[in-house]
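Quick notes on the structure that follows.
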Amino acid sequence: MKELHERKDRLEFNKLQKRLRRLTGSAIVDYNMIEDGDKVMVCLSGGKDSYTMLDILMSLQKTAPISFELVAVNMDQKQPGFPEHVLPQYLEQVGVPYHIIERDTYSIVKEVVPEGKTTCGLCSRLRRGTLYGFADEIGATKIALGHHRDDIIETLFLNMFFGGKLKAMPPKLLSDDKRNIVIRPLSYCTEEDIAQFAEMKGFPIIPCNLCGSQENLQRQVVKEMLQQWEKQFPGRTETIFSAIRNVQPSQLADLNLFNFIDLEMNKTAQPDDVDDSCSITPQFKSSDSGVQYVDVLDIH
C-alpha cells in the first residue's frame, strides 16, 4: 500500500513538473524572454514563486536549444529575524551562482509609512531600484521575477478598481530608464500549481514578516474576489487572462490607442469587409515556434 501511494505521488509530481515546464517554456518563446548568450539575474525572495522559477529555469537551461547563464540574487532587507543562512545554504546545495545584497530598506519603510498603512508599494520600489542597479553591476541582460498568472490578473483589477487604469503586469517589460529588461517566466503558470510544486519540492520558504501580517491589503481583497468567481464559474480566471492577451483598442475609449477623432464612414464598404469585433470569446493559441521550443525543453 505504501509503495502504491509513493508511486501515485511520484506520478502526480511528474505531471505537475511537466506542466510548469511546458507553460514556462511557452511564455519564454511567445515573448522572446531569453536569448542565446543572455545572463539572467533570477531574483530570489525566499518565497514559493521565486524558488519555483529558479528550479524550472535551471531544468530548462539543461535542455534548451540556446545557451544562457543564470545568477540568483537575493536582497537582504534587514528585517528582524530574517534567517540569513537559509538562501546561501540552498543555493550552494543546488549549485547556482548567487549574490546576497544587503540593504536596510526595512528601517526606511517603517520610518516613512504610517502605522497601519500598506508597506508593499514603497518596499517594492526600493527593492526594484536596488536590483536594477545591481543588474548593471554584474552585466545581467535580463531580470527574472517570479510573478505568475494570478498576480497578473490581480494587478489588472487593482489598477482598475483603485488606479483608474486598464493595466496589468506584462510578461516582458523594458524599464523606464531603458537600461533593463524584466521578464516573468511564470506568467502562464497558476499560483495553485506553484504552491503545490513548492510543497512537493520542500523549498525552505522564508515568510515576509514586513507585510505578511497586513490582512487588509487591497490585493488580498481582489484575490478573494477572484477565488470566489472561480468557484462559482470555473475557468473564469483563465478567460480573464486570455482577455489580457486579446486587447481590441477600437472597443475601448483611449484616445491615445485609437484614432476615434478622424473616424469616417465608408459607404462603399461591403458587408464581407466588416470586422466582427463584437466576439466575446477570446482566442488563445501559442505560436508554432513555442510548441517546438516546448518539445525541446520537456524533460520526461
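The values are calculated or read from the model by the stated rules, or taken from the named source; none is laboratory data. This structure is a prediction, so every number in the text was calculated from the model and none was measured. Methodologically, a virtual Cβ is constructed for each residue, glycine included, from the backbone with ideal geometry; neighbour enumeration extends over all protein chains shown. Ligands, DNA and RNA are excluded from the accessible area calculation, which covers all protein heavy atoms including side chains. Shrake-Rupley method; radii C 1.70, N 1.55, O 1.52, S 1.80 Å.
In the stretch 172-194, which residues are under 21 Å from D254 (Cβ atoms) and in a loop (DSSP other than H, G, I, E, B)?
D176, the sole residue that qualifies.
Scan the stretch 17-64 residue by residue and report those that are of a type in the set (F, W, Y) and within 30 Å of E84 (Cα to Cα).
Y51
Kindly state which helices (runs of 4 or more DSSP H) lie completely within the stretch 1-112 and contain at least 3 residues that are without any contact (Cβ under 8 Å) to a residue 60 or more places away in the chain and over 23 Å from N180 (Cα atoms).
It comes to 2-30, 86-94, 105-112.
Filtering the stretch 79-117 down to residues that are open to solvent by less than 70 Å² (accessible area, probe 1.4 Å), farther than 18 Å from L54 by Cα and not aliphatic (A, V, I, L, M), which residue is modelled with the lowest pLDDT?
Out of the qualifying residues, it is G116.
So if I check each of K285, K178, which one is within 21 Å of the chain's Cα centre (by Cα), at pLDDT below 80 and open to solvent by 60 Å² or more (accessible area, probe 1.4 Å)? Step through it out loud before you land on a result.
Numbers: K178 fails: at pLDDT below 80.
Matching residue, one of K285, K178: K285.
Do the conditions hold for L158, that is, is it part of a strand (DSSP E or B) and surrounded by 14 or more Cβ atoms within 10 Å (Cβ to Cβ)? Give the steps one after another, and end with the answer.
On the way: part of a strand (DSSP E or B): no; surrounded by 14 or more Cβ atoms within 10 Å (Cβ to Cβ): yes.
The answer is no for L158.
Got a sec? Which of F258, F241 is surrounded by 14 or more Cβ atoms within 10 Å (Cβ to Cβ) and touching a Lys or Arg at 6+ places or on another chain (Cβ under 6 Å)?
None of the other options fit; the residue is F241.
Of the residues that make up the stretch 269-280, is at least one touching a Cys at 6+ places or on another chain (Cβ under 7 Å), modelled with pLDDT under 55, surrounded by 10 or more Cβ atoms within 10 Å (Cβ to Cβ) and not in a helix (DSSP H, G or I)? Steps first, please.
In the first step, residues of the stretch 269-280 are kept if they are touching a Cys at 6+ places or on another chain (Cβ under 7 Å); the result is none.
No, every residue in the stretch 269-280 fails to be touching a Cys at 6+ places or on another chain (Cβ under 7 Å), modelled with pLDDT under 55, surrounded by 10 or more Cβ atoms within 10 Å (Cβ to Cβ) and not in a helix (DSSP H, G or I).
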